[in-house]
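Report on the structure given below.
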Amino acid sequence: MSLASTQPPDSVNAEFRGGSTHTVERALAIVREHLEMDVAYVAEFTGGREVYRALEGDAKSFGLAEGEGIPLEGTYCKRVADGLLSNVIPDTKADPRVSDLACTDEAGIGAYVGIPLVFTDGTVFGSFCCMSHQPDRSLAHRDISLMRVVASLVCDHIERDLIEAKNSTMREELVAARALSKSLDARDGYAGEHSEEVAAYAAQVATALGLGPEEIAEASQVALLHDIGKIGISDSILRKTEPLDQAEWAMMKNHTIIGYELAASIPSVAHIAPAIRAEHERWDGTGYPDGLGGTDIPIASRIVLACDAYHAMISDRPYRRAMSNDDAIKELLTNSGSQFDPAVAEALISVINNESDLSRPTGPARS
């Protein structure tokens, strides 16, 4: 049985394989030669596996192959990361903590050195390791400070590459969302402008709630596309100046499902399709289309629902005049805890009030 007996999905961490491998392999070569060991590698902990992302030296004799991996539990690297093993094991056969592990015998591991790779937010990416087939008792006394330093630099390099890859993906997703939003704008000028305004509010509310960059971006994207399903609703319903009858209202409600199906069919925005579907779900569970309630509703949907409602209230529509800002805030407060997530409503009102404060003059006007 090969140490690398299980193949992970090809999609796992493609950003690392594409952007960092050459630099990491150079670092591995330096450390392997310094410690005079047979192989050096970087492994990622992902999907319950230890997956080998970069290799240097005689990897084949250990059964290691790039992109392949083994179940994470029971590996040296996982035990080191969990604090169950020391970083240096000079003689695996003489160490009862690892001598009976299957991988010790199958891969013929005699000596091991491993440094966990930990990102700045505390996430353990994986491990930076060296192994030899023969025991090396001098490892207990040999200076491995170089390996620690190089492992830290490698970890920083991988983290920067992954952050840049995520940022690039978010930019591509935003472009796709705006392109779809423009298609709705071409049919209904109000809907397109409305979505842009809702997106601006959604980003501010998500920030006020303390969400991370990816969640803020997702809230903005859902806001841009929350009405995209109206492309499938007839103009006679969308532009009707009188209240919709029961049958027309049932057809209008379908726009969340149409939007979900449309987004799900486009890879760059498919991940936000469930949040688009849930944008009209209510905190008390009486919304549509699925009757979700509370925190079962995606946070992006909860944010966009409140921002959507607020902007609609302060906008002129064919069937009514715009509300005043104060009246719209009163509606948010009245429906907090029923229609709206209370925390979202509070954050939105804070954003609105801050916006109003910024628009007020700070001193006497010049004569």
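Structure values in brief
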read-out: Per-residue HN-Hα couplings for the range 283-288 [Karplus 6.51, -1.76, 1.60; θ = phi - 60°; Hz; x = Gly/Pro]; value: 4, 8, x, 9, x, 9
read-out: log₁₀ of I(q)/I(0) at q = 0.13, 0.22 Å⁻¹ - the range 14-161, Debye sum with one point per alpha carbon; value: -0.50, -1.65
read-out: Those aspartates and glutamates that a straight Cα-Cα span of less than 16 Å connects to K166, excepting residues fewer than 8 apart in one chain; value: E15, D121, D156, E214, E215, E218
read-out: Simple spin-label estimate for V124 and D235 in nanometres, 7 Å along Cα-Cβ; value: 6.1 nm
read-out: Sequence ranges 89-100, 123-134, ranked by mean other-Cβ count within 10 angstrom, highest first; value: 123-134, 89-100
read-out: Net length gained if the chain between H34 and A264 were fully extended (0.36 nm per residue, minus Cα distance); value: 77.7 nm
read-out: Global size of the range 188-359 as Cα Rg and Dmax, reported in angstrom; value: 15.3, 44
read-out: Ratio of Rg to Rh over the range 255-314 (Cα coordinates, Kirkwood Rh, two decimals); value: 0.99
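No lab work stands behind these numbers, since they all come straight from the coordinates. Predicted, not measured: the structure shown is a model, and the values here were computed from it. Virtual Cβ from ideal backbone geometry, glycine too; neighbours counted across all protein chains shown.
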